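Let me begin by presenting the structure, written as structure tokens, before commenting on it.
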Amino acid sequence: MSEAPANSSYHQQAPAVAERFRKLKERPVVLEIENLGREFPAESGRTAALRNVSFRVHRREFVCVIGPSGCGKSTLARIVAGLDSPTSGRMLVDGKETSGPCPERGMVFQGYTLFPWLTVTRNVMFGLEMEGMDRTQAQAEARQWVDLIGLTKFADSYPQELSGGMKQRVAIARALAPNPRVLLMDEPFGALDAQTRLQMQTHLMEIWRNVEVTILFITHDLDEAILLADRILVLKTGEVQEFIEVPVPRPRSPAQFQTPEFQAMRRRLDELIHPPVSAATERLPIVRLTQVGDDVE
Ligand code: ADP
Ligand code: MG
């Protein structure tokens with residue numbers, strides 16, 4: 001199944017994967033982030049949630065952003081979505097400097113953000129009508145999205161009649177309906193159980209194959225990032241640590257979890273995200289170790 005040897009490094013790419021990246025980098029840059037910084041007032045002066053963040057995302061690329069809690073992932077997503085402003089640096093979409101919310105960037109959050117008083121179809125129509133589309137056309141377009149996410153039978157249901165996974169599918173359709181250039185997703189499957197989460201990951205890859213959209217997907221789940229991403233941006237305390245090409249061939253499926261490429265990537269992300277256990281133990285105060293006593297093993 002795989003061309004990489006068992007001890008492969010995440011740098012090794014099968015010829016088809018290397019060729020895919022060569023072509024990907026020839027595509028136009030849709031999203032460009034330049035020296036982005038975001039500071040917040042804090043008790044002791046100011047804290048920098050993001051520092052000097054720079055990266056580029058190409059047309060129809062799927063980029064995952066990972067990093068430990070508090071490293072600035074949501075701040076980055078909110079700025080790219082136009083819901084927050086940077087304190088330094090700038091953002092370009094299709095080469096044009098932009099800020100503030102606008103239909104060219106859609107967002108899906110972890111929490112369910114559907115309007116409970118609107119049906120599935122009306123939820124998807126919402127953004128289209130906000131943009132001034134007339135009702136008949138908005139309804140026709142929303143129906144197509146509802147079909148694409150596999151919820152035709154639930155087109156006239158209300159959110160409370162849907163499962164968690166179904167609600168997130170509607171949230172994705174609602175974000176995609178106004179035809180954004182970039183879709184931001186901030187831990188969108190974080191609240192779902194493991195099995196539903198896998199189904200949603202597969203479903204999202206299917207949607208992405210059928211829709212002309214560039215995706216920036218935030219997660220702290222390493223396997224999720226490897227399964228979904230072309231490249232993974234690793235953040236650490238507000239700074240870009242690495243931007244890594246995922247060597248796992250497409251089309252992707254959970255059957256690849258055990259392949260050498262997947263495992264090599266997993267090891268690398270583990271090294272970057274999780275500090276070695278010995279270093280963590282050394283930082284424990286001595287007094288605490290003494291209190292625990294000798295009988296723990
Ligand atoms: P992540 O999503 O990776 O967990 P966040 O982007 O939410 O991280 O937060 C990054 C850092 O910025 C954290 O230290 C957080 O406390 C701080 N921060 C985020 N939003 C605010 C805010 N509105 N005011 C003050 N500090 C904030
Ligand atoms: Mg967050």
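The values are calculated or read from the model by the stated rules, or taken from the named source; none is laboratory data. What you are looking at is a predicted structure, and each value in this text was computed from that prediction instead of being measured. Note that we place each Cβ from the backbone using ideal geometry, even for glycine, and neighbour counts take in every protein chain shown.
Structure notes:
- Residues located in segment 106-165, provided they are of a type in the set (Gly, Ala, Ser) and surrounded by fewer than 20 Cβ atoms within 10 Å (Cβ to Cβ): Gly111, Gly132, Ala140, Gly150, Ala155, Ser157, Ser163, Gly164, Gly165
- Tabulated pairs, segment 203-231, first under 15 Å from Asn179 (Cα atoms), second more than 16 Å from ligand 1 (Cβ to nearest atom) and part of a helix (DSSP H, G or I), C-beta under 7 angstrom, 6+ apart or interchain: Ile207/Leu148; Ile207/Ile172; Asn210/Leu148; Val211/Leu176; Val213/Leu176; Ile215/Trp208
- Answer from Ile226, Ile244, Ile232 - the residue that is in a strand (DSSP E or B), more than 16 Å from ligand 1 (Cβ to nearest atom), β-branched (Val, Ile, Thr) and buried (at least 21 other Cβ atoms within 10 Å of the Cβ): Ile244
- In segment 197-223, the residue that is nearest to ligand 2 (Cβ to nearest atom) out of those that are among the hydroxyl-bearing types (Ser, Thr, Tyr) and either crowded, with 20+ Cβ neighbours inside 10 Å or modelled with pLDDT under 95 (or both) is Thr219.
- Top-ranked residue in segment 175-191 [being within 16 Å of ligand 2 (Cβ to nearest atom) and in a loop (DSSP other than H, G, I, E, B); ranked as nearest to Ser74 (Cα to Cα)]: Glu187
- Pairs with Cβ under 9 Å, 6+ apart, first in segment 178-192 and closer than 15 Å to Leu31 by Cβ and more than 13 Å from ligand 1 (Cβ to nearest atom), second β-branched (Val, Ile, Thr) and assigned to a loop (DSSP other than H, G, I, E, B): Pro180/Val213; Arg181/Val213; Val182/Val213; Leu183/Val211; Leu183/Val213
- Just one of the listed residues (Gly132, Gly106) is closer than 25 Å to Arg209 by Cβ and modelled with pLDDT under 95, namely Gly106.
- Any chance Ser44 is touching a Ser or Thr at 6+ places or on another chain (Cβ under 7 Å), polar (S, T, N, Q) and within 16 Å of ligand 1 (Cβ to nearest atom): no
- Selection from segment 140-159 of residues that are outside any loop (DSSP other than H, G, I, E, B) and either over 28 Å from Met205 (Cβ atoms) or among the aromatic types (Phe, Trp, Tyr) (or both): Trp145, Phe154
- Pairs linking a residue in segment 55-77 that is under 18 Å from Phe109 (Cβ atoms) and more than 7 Å from ligand 1 (Cβ to nearest atom) to a residue that is of a type in the set (Gly, Ala, Ser) and assigned to a helix (DSSP H, G or I), with Cβ atoms under 9 Å and 6 or more positions apart or on different chains, are Cys64/Ala225; Val65/Ala77; Val65/Ala225; Ile66/Ala225.
- If you go through segment 101-151 and keep only what is charged (D, E, K, R) and touching a residue at least 24 places away in the same chain (Cβ under 8 Å), you end up with Glu104, Arg105, Glu131, Glu141.
- Within segment 210-223, the set of residues being in a helix (DSSP H, G or I) and away from ligand 1 (no atom under 15 Å from the Cβ) comprises Asn210, Asp223.
- Of the residues making up segment 80-119, those that are within 15 Å of ligand 1 (Cβ to nearest atom) and under 28 Å from Pro159 (Cβ atoms) are Val80, Ala81, Leu83, Asp84, Met107, Val108, Phe109, Gln110, Gly111.
- Unmet criterion (only one of (1) at pLDDT 90 or above; (2) of a type in the set (Phe, Trp, Tyr); (3) not in a helix (DSSP H, G or I)) for Tyr112: (1)
- Every residue from segment 177-216 that is aromatic (Phe, Trp, Tyr) and touching a helix residue (DSSP H, G or I) at 6+ places or on another chain (Cβ under 6 Å): Phe189
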